[in-house]
Structures are given as C-alpha cells and as structure tokens.
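The values are calculated or read from the model by the stated rules, or taken from the named source; none is laboratory data. Every value quoted in this text rests on a predicted model; they were computed, and no experiment measured them. Cβ placement follows ideal geometry from the backbone for every residue including glycine, while neighbour counts extend to all protein chains displayed. Only protein heavy atoms, including side chains, enter the accessible area calculation; ligands, DNA and RNA are left aside. Shrake-Rupley method; radii C 1.70, N 1.55, O 1.52, S 1.80 Å.
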Amino acid sequence: MSTAVPGPDGAVTSSSDPGPDPQSWPGLAPQVADVVRSVRQSAPLVHCITNVVVTNFTANVVLAAGAAPAMVATPAESGVMAGAASALLVNLGTVEGDQPDGMRVAVEAATASGVPWVLDPVAIGALPLRTALAAELFERGPAVVRGNASEVQALAGGRGGRGVDSLDTPDDVRETALHLARGSGAVVAVSGTVDLLTDGVRVVRVHAGHPLLTRVTGVGCSLGALVAACAAVTDDRLLAATAATAWMCVAGDLAAAAHPGPGSFAVALVDRLADVAPEAVADLAGLVAERSGAAA
Amino acid sequence: MSTAVPGPDGAVTSSSDPGPDPQSWPGLAPQVADVVRSVRQSAPLVHCITNVVVTNFTANVVLAAGAAPAMVATPAESGVMAGAASALLVNLGTVEGDQPDGMRVAVEAATASGVPWVLDPVAIGALPLRTALAAELFERGPAVVRGNASEVQALAGGRGGRGVDSLDTPDDVRETALHLARGSGAVVAVSGTVDLLTDGVRVVRVHAGHPLLTRVTGVGCSLGALVAACAAVTDDRLLAATAATAWMCVAGDLAAAAHPGPGSFAVALVDRLADVAPEAVADLAGLVAERSGAAA
Amino acid sequence: MSTAVPGPDGAVTSSSDPGPDPQSWPGLAPQVADVVRSVRQSAPLVHCITNVVVTNFTANVVLAAGAAPAMVATPAESGVMAGAASALLVNLGTVEGDQPDGMRVAVEAATASGVPWVLDPVAIGALPLRTALAAELFERGPAVVRGNASEVQALAGGRGGRGVDSLDTPDDVRETALHLARGSGAVVAVSGTVDLLTDGVRVVRVHAGHPLLTRVTGVGCSLGALVAACAAVTDDRLLAATAATAWMCVAGDLAAAAHPGPGSFAVALVDRLADVAPEAVADLAGLVAERSGAAA
C-alpha cells in the first residue's frame with residue numbers, strides 16, 4: 001500500500017490513498033457473522049434516548065435483533081439506566097424539554113461504567129439547539145458516531161469546503177470522517193448508498209442496502225440502536241458498526257426483494273432482521289475494507 | 001345556478017343553495033392528478049408539528065407520498081425548520097410542554113416566508129388548552145383547516161345551534177364551514193363519510209374512503225400532513241386539500257379491498273399511497289364540485 | 001376445597017392452598033366472551049396516559065378491540081378527559097415533564113366520576129422516579145394493577161424475599177399478588193408465560209400466549225389499555241382483566257400460527273384482536289380458576 005501524505009491541515013490527500021483492498025481485513029466476514037450471532041445469544045440491554053418519531057420502530061428493531069431495548073430519557077432516571085445497560089444510543093432527532101440533561105446524565109453514567117455509547121447527530125447543521133448539543137456530546141467520547149454525509153460534515157465544523165447540497169455520498173466526506181475519527185478516537189459511520197465506516201485507520205464500505213430503506217422513517221435512527229447493540233458484544237467498534245450496517249442493509253435487500261411498497265417493506269425489514277442468517281449478513285453485504293495508509 | 005341569499009348573520013340559506021353540479025369545476029380531475037404527480041416529482045419538505053401518537057405514521061405517510069417529513073417541535077428550532085420547509089402542519093392532538101410556543105414560532109416563520117400551513121384542531125371543544133390555542137392559531141391565517149364536523153363546529157365557536165352529538169357528517173356543518181372559510185380566507189376541509197371541502201365559494205365533496213380508515217390511529221392526522229404536502233405544489237389550496245383527501249380515500253379503498261383487518265390495512269394503506277396512479281386518485285375519488293352561489 | 005391459613009403477616013401459606021380447580025368459576029368462559037362482545041358493541045372511550053414508545057400501537061390495539069382511544073397527558077386537559085372517559089390507563093413507561101401531574105389530575109377526576117382506572121408500573125424497582133410515583137398512585141385505588149412478576153414484587157416493596165433475577169414467573173409472586181390485592185382492593189394481573197390474575201380471593205391463570213408477544217414492543221403496555229376497555233363494560237374487574245389477557249393471548253396465538261416474524265406478527269396481532277370470535281377468546285385461552293381459600 002502506498003502511503004498517504006497528510007496535508008497542511010492534517011487532512012489526508014486522497015490522491016495518495018490506496019484503493020480498496022478486499023484483502024486488508026481477511027477475517028472481516030466471519031467476524032461480522034460472529035457479532036450477529038453474539039447479539040442474538042447474549043441479548044444485550046440497549047438504552048435508547050431517541051426522538052419521538054422513531055421510539056416504537058427502534059424498540060422493535062432492537063427486539064428483532066435479539067437484544068432488549070430500554071427507552072428512558074428523563075434525567076431523573078437516565079443515569080441509572082445507562083449505568084446498568086450494555087450500550088447506549090443518544091439520538092438528537094427531536095431534542096425537547098429536559099432531554100438534553102437526560103442525555104448528559106446518561107452519557108456520564110455510561111462513561112463511568114464503561115458502557116459504550118453511540119451518538120446520532122440527526123439533522124445538525126442548520127438547527128441550532130442540536131448542533132451545539134452534538135458538539136458538546138461529541139467531546140465526551142462516543143464509541144461510534146453515526147450519521148449521513150451532511151451530518152458528519154457539520155459535526156466536523158464544516159471543514160472540507162463543500163456546500164451541504166453536494167454532500168450526497170459518504171465518499172464525499174471520507175477525509176472528514178477519517179479526520180474526525182483520528183481526532184476523537186470514535187468510529188465514524190457514514191450512511192449512504194455505499195456506507196463508509198472508519199476508525200481513522202481502517203475504512204470499510206458496505207455495498208448493500210436498498211432505496212426503500214430511505215422511504216421508511218426511523219431506519220437510520222434504528223441503525224444507531226443496532227450499532228449500540230453490536231458494540232455491546234465486541235470491543236472492536238469498527239467491527240460493531242460494520243456488522244450493524246451490514247445487518248440492516250442485507251435485511252433491507254431481502255425485504256425489498258419481496259415487498260416493493262414502503263409499508264409492507266418496513267414490516268418485512270423487521271422480520272428479516274430477526275431471521276437472516278449471520279453468514280448471509282456477512283456474505284451479502286458487499287464488504288470491502290482498506291487501510292487509509294495514514295497511521296496516527 | 002340559482003343564487004343563494006346570505007341570511008342576516010351572513011350564513012347562507014341552504015334552501016336557496018344549488019345542488020351539486022359535477023360540471024362546476026370541469027378540470028378538477030386532471031388537476032388532482034397533477035397535484036399527486038407534482039408531490040412525487042418535487043418531494044416537498046413538510047414540517048410536521050404533531051401529536052406523539054402519530055409522529056411515526058405521519059412521517060411514513062409523507063414518505064410514501066414521495067415528500068420528505070421533518071418533525072421539529074421545540075421553539076428553539078421550529079422557526080428555522082418552518083422557514084426552510086415547503087409546507088407546515090400544526091396538529092393539536094397532544095399539546096404538551098413548550099409545544100404551543102414551538103407552534104407559534106413555526107407559524108410566524110412560515111408566515112414570514114410565505115410557507116403555507118395547515119391547522120388540525122384535534123378534539124377541540126371540550127378540552128380547554130387546545131381549544132384556546134386553536135382559536136389563537138386560526139387567527140394567524142392557516143392555508144387550510146382540516147378536521148371533523150365537531151372540530152369545525154367548535155372552531156366556529158359553536159355557531160349552528162346543534163349539539164355536538166348530532167354533528168355526524170360534514171354536511172351538517174356545511175354552512176359553518178362556508179362561513180369560516182369566507183371569514184378567514186382559509187380552506188376548510190371537513191372529514192367524514194363524505195368529505196366536504198370549501199374555500200367559501202367552491203364546495204367539493206369526496207365520495208370515497210372506507211370505514212377501516214377510522215380504525216387506524218393517525219389517518220386523519222396524517223391526512224393533514226398530506227394536505228400540507230399538496231399545498232406545497234399548488235397555490236390553489238382547495239385543490240390541494242381535495243387532492244390530499246382523494247389520495248388518502250382512494251388508497252384506503254384500494255387497501256381495504258384486499259386487507260380487511262386494521263393491522264394489515266394500515267400497512268397496505270401506506271403501500272397504496274406510494275403506488276396508486278395519479279389518474280386513479282382523480283377518477284376513483286367520487287369528486288363532485290359545486291359553487292355555493294354566495295360570492296363574497 | 002381445603003382452607004388456607006393466613007400466616008402471621010397475613011400471607012397465605014401456600015402449602016395449605018388448594019390446587020387449581022377448573023370448576024371453581026363455572027361461568028367464566030361465557031362471561032369472558034360476553035366482555036369481548038360488549039367492548040365491541042359499546043365502544044368505550046379509553047383514556048390512555050402512556051409512554052412515548054407505545055402510544056401508536058396502544059391506540060391501534062384499542063381501536064382493533066372496537067373501543068375508542070384518547071391520549072391526553074397534559075394536566076391542563078387530563079382531568080377533563082378522564083372524567084368523560086369510560087376507563088383510564090396510567091402507564092409509567094416514560095414518565096417525563098409534567099406527565100406525573102397529568103396522571104394525578106386524571107386519577108383524581110376518574111375517582112370522582114367513578115371511572116375505573118388501570119395502573120401499569122412499568123420497570124419500577126431500580127428506576128427511582130417511577131417507583132415513587134407508582135407507590136403514590138397505587139394508594140389512590142386503581143381498579144387493576146397490571147405488570148410482570150418483578151414489577152408486582154417491587155410494588156409490594158420487595159416482600160417475598162427473592163431477588164429480582166429469580167422472579168421469572170407470575171407464580172413466583174402469587175402470594176405477593178394475593179396480598180397486594182387483599183390490602184388494596186385492586187385486581188392484580190401478573191403477565192408471564194402463564195398469566196396469573198387475582199382479586200385476593202379468586203385466582204385465574206391464562207395458559208395461552210406466544211413468545212412472539214415478547215418480541216414486539218408495547219404488547220404488555222397495550223394489554224393495560226385492553227384491561228381498561230374491558231373494565232369499562234363490567235364491574236367485575238377480575239373478569240375484565242381476565243378477558244383482556246385472554247383476548248391478547250389468543251390473538252397472539254392465532255397470529256403466531258401464520259406469522260413467525262416479529263414484524264408481520266405484530267400486524268397480524270392487531271388483525272386478530274379485531275376479528276377473533278368472542279367464544280374463541282374464551283375457549284382457547286386455557287383459563288383455569290381457583291379460590292385462594294382465604295376469604296377476607
């Protein structure tokens with residue numbers, strides 16, 4: 001592999017990056033299958049502080065995966081719950097009332113107890129309350145940040161110099177994601193037609209997933225919960241985020257093959273999350289790994 | 001057409017009203033089809049401030065229609081969102097916390113930006129908080145008010161002289177709806193077995209829709225969001241409300257034909273909203289237009 | 001039947017309890033069928049103050065049962081609604097903001113109007129806010145308390161001497177449930193693989209229900225609403241709780257027979273709640289009644 005040269009601002013010059021190398025993470029597929037299997041066997045308790053639009057769907061996705069959801073947002077209880085959970089999701093989709101304090105308390109308890117937590121900075125950028133809150137929470141050290149290209153760009157403070165409108169694909173923010181991951185220690189998982197996930201060194205792309213996944217509300221948000229469930233069963237958070245993304249995308253492809261309407265697709269998606277074979281998740285996800293070439 | 005004579009209180013004397021005249025809006029059907037087509041093509045951003053029972057279903061209905069939902073209720077963000085949206089829905093189903101302020105901020109921003117907004121005064125009348133809030137918001141000039149006969153009656157301050165129990169059908173509040181529309185400039189859309197919609201001059205009835213639509217929570221509420229989506233693509237708000245109502249009713253009839261249970265009906269309803277042909281919406285809705293005969 | 005002897009603390013000595021006696025409530029099955037029939041015929045208005053995860057599913061379950069849901073939590077309106085309703089559910093799943101006050105106001109209005117209300121103390125025990133609130137509300141005299149074994153144990157203040165981890169089945173808390181029921185006058189309905197319900201004298205077990213019921217979020221919570229619906233049509237609250245439990249379990253068994261995935265199972269569950277015959281609910285529920293033998 002060639003060596004990428006960081007530019008003056010620390011960004012990796014993409015022209016010197018190696019291309020994807022399927023051999024760069026030889027054991028990835030069986031490891032992904034193991035994560036799926038392990039979630040089903042250990043049924044981790046996933047504490048979700050999430051938005052009011054997707055609470056029900058998220059809980060059902062977590063249950064379908066074989067894990068156990070707990071949705072407690074009030075600061076009077078969120079610390080107790082987060083400290084007792086196997087993983088925590090903090091999703092900023094509809095921040096209201098004292099939910100920000102509930103998130104702070106939960107993150108503090110999770111950190112104190114060594115519980116991995118996932119940050120989903122939904123729609124940050126233009127909306128002021130959540131943008132500031134995302135920046136604050138990001139400083140507290142999530143295990144994984146999950147978002148789309150625009151959200152990852154906004155979390156990075158707009159670095160990259162592109163307008164939001166052009167941020168259509170995860171690869172558009174590849175360097176920003178690498179930079180964020182290296183600076184924070186968090187895995188950055190960028191959702192899109194081809195998902196891109198990185199821990200700052202390794203980069204995985206998931207070449208799976210159907211457009212219908214974007215026609216059902218809460219798929220991205222519940223993916224955040226699924227990432228948390230997977231982070232409960234492996235310390236390799238890039239593997240956890242990859243397994244969760246592969247699981248959702250492959251279940252979506254299987255569901256879409258039989259259900260072209262968004263209503264019945266959403267139902268079938270939950271069914272397939274529950275019954276897809278671990279090996280199928282690994283084999284059908286179109287996983288391609290590379291190394292960014294820029295060791296810290 | 002005969003000319004109706006407004007009574008002393010401005011109400012139209014129904015005995016002098018003309019009967020429905022299918023020819024009074026000759027281009028209605030193709031215009032309805034155009035609205036459906038236009039929503040799918042332009043994917044308007046529909047900002048929904050709605051109740052906690054129906055957020056998920058409403059977002060999925062908006063997505064199925066081809067539009068994009070955004071659910072932001074906090075006053076810290078609702079103005080930014082409403083100003084950037086293509087249309088706004090304000091639904092009073094579960095007004096809690098600072099949601100009233102979130103609605104006020106959103107309506108102010110929508111008004112300032114020329115964004116059409118829909119008011120759904122859910123269950124006003126007996127419940128004090130929402131009844132006062134509906135009256136206040138109604139003064140701010142919604143493009144469309146959508147409700148059932150009792151809600152429209154309550155919004156009019158109880159004029160009409162009938163008890164709530166007898167307000168079974170939209171035609172029971174026909175004159176109240178006309179009066180409200182003329183006084184406010186808003187289109188008034190009254191849902192029921194036969195839906196009645198008016199801008200104060202034109203009256204449209206939709207002779208479609210299945211009883212199962214009343215066995216699924218959120219159908220009426222998500223119709224409000226669909227009206228908003230349609231209002232984003234045409235300045236004729238009566239046409240927008242008619243197209244949305246026809247879309248929901250025809251999708252409901254198609255779904256009910258194959259799914260007699262309310263659970264599977266709800267799923268199929270979302271599927272049919274997504275795939276029903278624009279011409280089918282127009283042709284199967286049983287649209288009948290008339291002119292009230294009382295020019296302003 | 002042998003006579004059980006209460007111990008020094010009032011607890012029934014289990015060794016002297018009679019075994020289940022199918023003949024101890026000869027008219028139970030037709031009475032259960034009558035309750036189902038009556039809910040469908042009278043369509044009671046069920047006021048639900050419940051958690052944000054399950055509002056939509058709960059409303060759809062109530063509608064599928066033939067009743068009418070109303071979800072109003074704000075203290076500005078919850079008293080008006082509760083006083084006008086046929087029954088009330090208070091579910092502590094996500095107590096936030098001013099919901100505790102909304103519950104207090106609703107319970108007070110329900111009590112004043114003779115409206116039966118159901119308490120569902122979700123996940124009390126470890127979580128402090130809801131545990132204290134459950135204790136407070138329980139003092140106000142619910143018609144029925146519905147929960148799992150751990151929640152019933154926690155409501156009783158931990159009496160019984162077992163750790164939470166061992167409280168796997170309703171029969172583990174049989175004596176606690178009897179004691180709670182006798183002390184409060186409330187029916188105590190304990191959900192589990194075999195459900196156990198008691199008014200302190202009679203004990204009913206429901207030997208029905210499928211594991212998939214635990215793979216869909218909100219089934220237990222919506223069972224609370226169904227208990228409320230049934231309590232609206234009979235003054236015998238043990239009968240009401242039994243009918244609701246039988247209804248949910250039998251619908252679940254019928255749904256699971258055709259839908260092994262949790263997504264499609266949830267949809268079919270709603271369908272079966274709507275169309276299951278009243279006699280089937282009674283006959284397929286595996287109802288076994290006994291008398292505890294300790295008359296008050």
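Please verify whether the range C:43-53 includes one or more residues that are more than 18 Å from the chain's Cα centre (by Cα) and more than 24 Å from C:Arg215 (Cβ to Cβ). Yes, because at least one residue in the range C:43-53 is more than 18 Å from the chain's Cα centre (by Cα) and more than 24 Å from C:Arg215 (Cβ to Cβ).
Scan the range C:31-64 for residues that are at the interface with chain B (Cβ under 10 Å from one of its Cβ atoms) and under 15 Å from C:Ala231 (Cα atoms) and the total you get is 2. Is the range C:99-120 home to any residue that is assigned to a loop (DSSP other than H, G, I, E, B) and at the interface with chain B (Cβ under 10 Å from one of its Cβ atoms)? So far as the range C:99-120 goes, no, none of its residues is assigned to a loop (DSSP other than H, G, I, E, B) and at the interface with chain B (Cβ under 10 Å from one of its Cβ atoms).
On inspection, B:Val95 does not qualify as within 11 Å of another protein chain (Cβ to nearest Cβ), open to solvent by 10 Å² or more (accessible area, probe 1.4 Å) and among the β-branched types (Val, Ile, Thr). Given the criterion out of contact with any Gly (no Cβ under 8 Å at 6 or more places or on another chain) and open to solvent by 40 Å² or more (accessible area, probe 1.4 Å), identify the matching residue among C:Leu133, C:Leu129, C:Leu88. After ruling out the rest, the residue left standing is C:Leu129. Of all residues in the range B:61-97, exactly one satisfies the criterion of being of a type in the set (D, E, K, R) and modelled with pLDDT of 95 or more, namely B:Glu77. In the range C:174-190 there is no residue that is of a type in the set (S, T, N, Q) and within 22 Å of C:Val276 (Cα to Cα).
Can you confirm whether the range B:249-256 contains a residue that is surrounded by fewer than 24 Cβ atoms within 10 Å (Cβ to Cβ) and over 19 Å from the mean Cα position of the chain (by Cα)? Looking through the range B:249-256, at least one residue is surrounded by fewer than 24 Cβ atoms within 10 Å (Cβ to Cβ) and over 19 Å from the mean Cα position of the chain (by Cα). Checking the stated criteria, B:Ser264 turns out to be out of contact with any strand residue (DSSP E or B) (no Cβ under 7 Å at 6 or more places or on another chain) and among the polar types (S, T, N, Q).
Here is the figure for the range C:110-135: residues that are free of Cβ contacts under 8 Å to residues at least 24 places away in the same chain and closer than 15 Å to C:Asn91 by Cβ total 2.
For the range C:43-50, the count of residues that are open to solvent by 10 Å² or more (accessible area, probe 1.4 Å) and among the small types (Gly, Ala, Ser) is at least one. Residues that are assigned to a loop (DSSP other than H, G, I, E, B) and among the basic types (Lys, Arg) within the range B:129-152 comprise just one, B:Arg140. Quick one: count up the residues across the range A:65-92 that are under 21 Å from C:Pro128 (Cα atoms), within 11 Å of another protein chain (Cβ to nearest Cβ) and within 19 Å of the chain's Cα centre (by Cα). Looking only at that region, the number is 4.
State yes or no: is A:Gly263 within 14 Å of chain B (Cβ to nearest Cβ), without any contact (Cβ under 8 Å) to a residue 24 or more places away in the chain and open to solvent by less than 30 Å² (accessible area, probe 1.4 Å)? Considered against the rule, which asks whether it is within 14 Å of chain B (Cβ to nearest Cβ), without any contact (Cβ under 8 Å) to a residue 24 or more places away in the chain and open to solvent by less than 30 Å² (accessible area, probe 1.4 Å), A:Gly263 comes out as yes. Is it fair to say B:Thr169 is in contact (Cβ under 8 Å) with a residue 24 or more places away in the chain, more than 30 Å from C:Val95 (Cα to Cα) and hydroxyl-bearing (Ser, Thr, Tyr)? Taking the combined requirement at face value, the residue satisfies it.
Residues considered: A:Thr234, A:Thr242. Of these, the only one that is over 21 Å from C:Gly263 (Cβ atoms), in contact with a strand residue (DSSP E or B) (Cβ under 9 Å, 6 or more places away or on another chain) and modelled with pLDDT of 95 or more is A:Thr242. Of all residues in the range A:266-296, those that are closer than 21 Å to C:Val267 by Cβ, open to solvent by less than 10 Å² (accessible area, probe 1.4 Å), more than 14 Å from chain B (Cβ to nearest Cβ) and more than 17 Å from the chain's Cα centre (by Cα) total 1. When C:Asp101, C:Asp120 are screened for being acidic (Asp, Glu) and surrounded by 24 or more Cβ atoms within 10 Å (Cβ to Cβ), only C:Asp120 passes.
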